[in-house]
Amino acid sequence: MTQNDAYISIRNVNKFFGTFQAINDVSIDIHQGEFFSLLGSSGCGKTTLLRMLAGFEMPTSGEIFIDGQPMSMVPPHQRPVNMVFQNYAIFPHLNVRDNIAYGLRKQKLPRVKRDAMVDEMLELIKLPEYGDRKATQLSGGQRQRIALARALILRPKVLLLDEPLGALDKQLREQMQLELRALQKTVGITFVFVTHDQEEALTLSDRIAVMARGRDLQVDTPTRLYESPVNRDVANFIGTMNFFDGKVTGIADGTAGVDVNGLGHVSTTNFGPKLRPGDDVCIAIRPEKLNLTESEPQVAGNKTQGQMDKAAYLGERSHYYVRLNDVSQPVAISAQNRQRAEGTPEEKRPVWISWEDNAFVILENR
């Protein structure tokens, strides 16, 4: 996608606070109508980038375009964006209707028009009977919906969301994730969403930018980020991953062969264009792509023997950890508990792990 095709275009943006560089040469393009997430741990730069989109911070260098227009000289109140904060910023002295209509006050709309717009928002957030309720009478999930309605009533081109679900408990948070995604599809507005929660980003997003140390490490769809991370930092942040050292033995017909410490020979098509025979590499596999058995699998390859280290029962699934020769860390294996009661191999007992062809990904060494 070129700058002209992008609805939001972040171009070579840097941001310094004194001598500290919070954003390091970030370039990201975001589509119109996309649910786009900035994902990373605390201090990675994601909120700083969001605040620059809002106009609360200015880039030290570089430029941000929204709908083709440069934003450097545009103050926050004149930008075609609105923002929802983690604490929602609901006004306690106003009822629900007045909270939602707060941003319309300067537009001097006729009362009938304003009331109709508020009614539309109440229907959209599925709280049509709550208009006269006091803000102090709302639950956390209801406050979050009111904050969304107050932002959306101004019809922004872009809605910025700074960890808006962070204050909710786990069950309500998961429910609101589904509602937020459905709401975005209904209104069709571009959402830029900041979170440190990988599962939340995977659930909500069309695409995700994984950030660390002020850089965008990989911008991709949730599926590709999970299945084909470009480097160890991304693989380590998105889900759980097992890492091994290996050496590339050859590449033919789009498949790389790798001798892997503790596993033997592995083949995969998941690797970057710079890979060459003889390279020392980091190769990785997800826990759910490994199979655990007490008896030797009846396959010619793709298997190795180890020793059960420990296990954890988590209800719908179990996590196992197996020790292998020449591997310093236990290998993590995840399996669904399909039966009501499944036996768990005892600690220190020999077990086998196996995998399908192409289950591994070779990561860039950066």
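Quick one: net charge around residue 138, please, counting Lys, Arg +1 and Asp, Glu -1 for every other residue with C-beta under 14 Å from its C-beta.
+4
Using Cα pairs under 8 angstrom and six or more residues apart, how large is the relative contact order of segment 240-363, in percent?
With pairs under 8 Å counted, the relative contact order is 31 percent.
Under a point spin-label approximation (7 Å from Cα along Cα-to-Cβ), what is the residue 197-residue 269 distance to one decimal in nm?
Each label point is offset 7 Å from its Cα along the Cβ direction, giving 3.6 nm.
Local charge sum around residue 216 (other residues, Cβ-Cβ under 10 Å, Lys/Arg +1, Asp/Glu -1)?
Numbers: positive: 46, 215; negative: 25.
Taking every other residue near residue 216 into account, the sum is +1.
Run the quick spin-label model on residue 206 and residue 356: label points 7 Å from Cα toward the beta carbon, then report their separation in nm to one decimal.
2.9 nm
Of 106/170; 106/185; 134/157; 106/126, which pairs sit farther than 32 Å apart, going by alpha carbon to alpha carbon?
Values: 106/170 38 Å; 106/185 28 Å; 134/157 29 Å; 106/126 26 Å.
Distance filter (> 32 Å) returns 106/170.
Report ³J(HN,Hα) in whole Hz for each residue of segment 136-148, in order, from the Karplus equation J = 6.51 cos²θ - 1.76 cosθ + 1.60 where θ = phi - 60°; Gly and Pro get x.
Result, ordered by residue: 6, 9, 9, 7, x, x, 5, 4, 5, 5, 5, 4, 5 Hz.
Rounded to whole Å and sorted largest first, list the principal axis extents of the Cα atoms in segment 110-238.
55, 30, 23
Per residue and in Å³, how big is the convex hull formed by the alpha-carbon atoms of the chain?
Taking the convex hull of the Cα positions in the chain, it is 181 Å³ per residue.
Note the full-extension length gain between residue 337 and residue 132 as 0.36 nm times their separation in residues minus their Cα-Cα distance, in nm to one decimal.
Taking 0.36 nm per residue and subtracting the Cα distance, the gain is 69.0 nm.
Compute the distance in nm between two label points, each set 7 Å from the Cα along the Cα-to-Cβ direction, one at residue 171 and one at residue 329.
About 3.4 nm, to one decimal.
Run the numbers for residue 105 and residue 348: contour at 0.36 nm per residue of separation, minus the present Cα-Cα distance, in nm.
Working: separation 243, 0.36 × 243 = 87.48 nm, distance 6.96 nm.
Full-extension gain reported as 80.5 nm.
Eigenvalues of the Cα gyration tensor times 5, then square-rooted: what semi-axes does that give for segment 143-213, in whole angstrom, largest first?
Over the Cα atoms of segment 143-213, the ellipsoid semi-axes are 19, 16, 11 Å.
What ranking do 282, 44 get, fewest neighbouring Cβ atoms within 10 angstrom at the top?
By the 10 Å Cβ count, ascending: 282, 44.
Which lysines have a Cα lying under 26 Å from the Cα of residue 289, excluding residues fewer than 8 positions away in the same chain?
Partners found: 247, 274, 303, 310, 348.
Are there GluC sites (Glu not before Pro) in segment 272-332 that DSSP puts in a loop and that have at most 11 other Cβ atoms within 10 Å, and which ones?
Those satisfying the criteria are 316.
Using all C-alpha to C-alpha distances in segment 240-363, build P(r) with 10 Å bins and read off the rounded percent in each one.
With a bin width of 10 Å, the distribution comes to 13, 44, 30, 11, 2.
Every number in this text was worked out from the coordinates using simple rules, so none of it is lab data. Predicted model only: the values in this text are computed from it and were never measured. Virtual Cβ from ideal backbone geometry, glycine too; neighbours counted across all protein chains shown.
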